[in-house]
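Report on the structure given below.
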Amino acid sequence: MLDQDLFPRHPLSWQARALTHVLRGAVKPIGSLFLRHPLALTACSLLKAVPMRPPSHVGIVPHRFPRCGGEWVRAGLGLDERKALLYFHGGGYFSCSPATHRPITWRLSVAARRPVLALDYRQGPVHPLKASLEDALDAYECLLERGHEPGDILLAGDSAGGHLTLATLLALRDRRRPMPAGAICLSPWADLTDFPRRANRWQDPMLSASRVRWLARRWTAGLDPRDPLVSPVLGDYAGLPPLMIVTGSTEVLRDEDRRVAERARAAGVPVRYEEWDRMPHVFPMLADVLPEARRAYRHIAEFVADLGAADSAPAAAA
């Protein structure tokens, strides 16, 4: 079922309990101290973080675009090469890369049963948000030029990559371009307006609400933060394909993710909204250690299967 709200409840695994303590005691304080000066963003953008080595059965092939790079990720059996999933990694628009997000992309290849094209889009502080969106649109056009039908393409992204996913959909609709079959957003950062996040301010074990606000101010300098391509939570979702939104119940981004689901539904877009009990930001990234994260990919596989069933129903009726 494409349009539904799910609130997975489960006894919290010991792995999740341990990880939450580590995030709350170390990662969140370090991030709060680190993200206080533009030089910190520059340092992270140069380091790009440590690339992750996927399992031996996962195939990685580099791909070049006119202004950026990327990589094709293939995992699992029976992949349909006619189809593709275009993935935008997270990292606050200043860090990370396709190589750091391979724990997500190879599992998405298995769940969606298709190759994944992970885009190494341009990021801050050197490049503005506009450059990231241009790269995302170019990559989508590249897939169309390769012969992929729009209905055989999915978009997906996490955190800032979820923001880029939503902005790309809105831009494609505004440009009257053919839309992909659907999109998957993992803990999307959807609101870059200057507002204080009070919900889950203390419960979030990973993200500091004040640092998220500080970063939003950095990336929206000189822009209208209420522009839907800057803050997709304020967008008109009419004409967009079905969405899947996955978030954690204690995230500081949870409320804006709920608002995206509500606005999309109000515009007639089917939304599978999943709010996982006490899961941290982008918890599917941690599937190597979290059993809850591994279950989330089964839910993603269900969403992709439902998309296929919905697409085939009109053809069967015809």
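Readers should treat all values here as calculations from the given coordinates under stated rules, not as data from a laboratory. These numbers come from a predicted model, not from an experiment. Counting neighbours? That spans all protein chains shown, and the Cβs are built from the backbone with ideal geometry, glycine included.
When DSSP beta bridges are restricted to pairs lying wholly in the chain, around 30% turn out antiparallel. Residues whose amide H lies under 5 Å from that of ASP158, counting only those 5 or more places away or on a different chain, are PHE88, GLY90, LEU186; hydrogens are built 1.01 Å from N in the peptide plane. Coupling constants for region 90-107 follow from the phi torsions by the Karplus curve (6.51 cos²θ - 1.76 cosθ + 1.60, θ = phi - 60°), and in residue order they are x, x, x, 6, 9, 8, 6, 6, x, 5, 6, 9, 4, x, 8, 5, 6, 6 Hz; glycine and proline get x. Shape index of region 4-310: Rg/Rh, with Rg the Cα radius of gyration and Rh the Kirkwood radius from the inverse mean 1/r over Cα pairs, equals 0.93. For region 4-310, a simple Cβ point-charge model (Lys and Arg +1, Asp and Glu -1, everything else neutral) yields a dipole of about 680 debye relative to the Cα centre.
In the chain, a dipole from Cβ-located charges (positive for Lys and Arg, negative for Asp and Glu) runs towards its positive end, and of LEU307, LEU243, SER32 it is SER32 whose Cα lies farthest in that direction. Residues whose amide H falls under 5 Å from that of GLY182, counting only those 5 or more places apart or on a different chain, are LEU155, with hydrogens built in the peptide plane.
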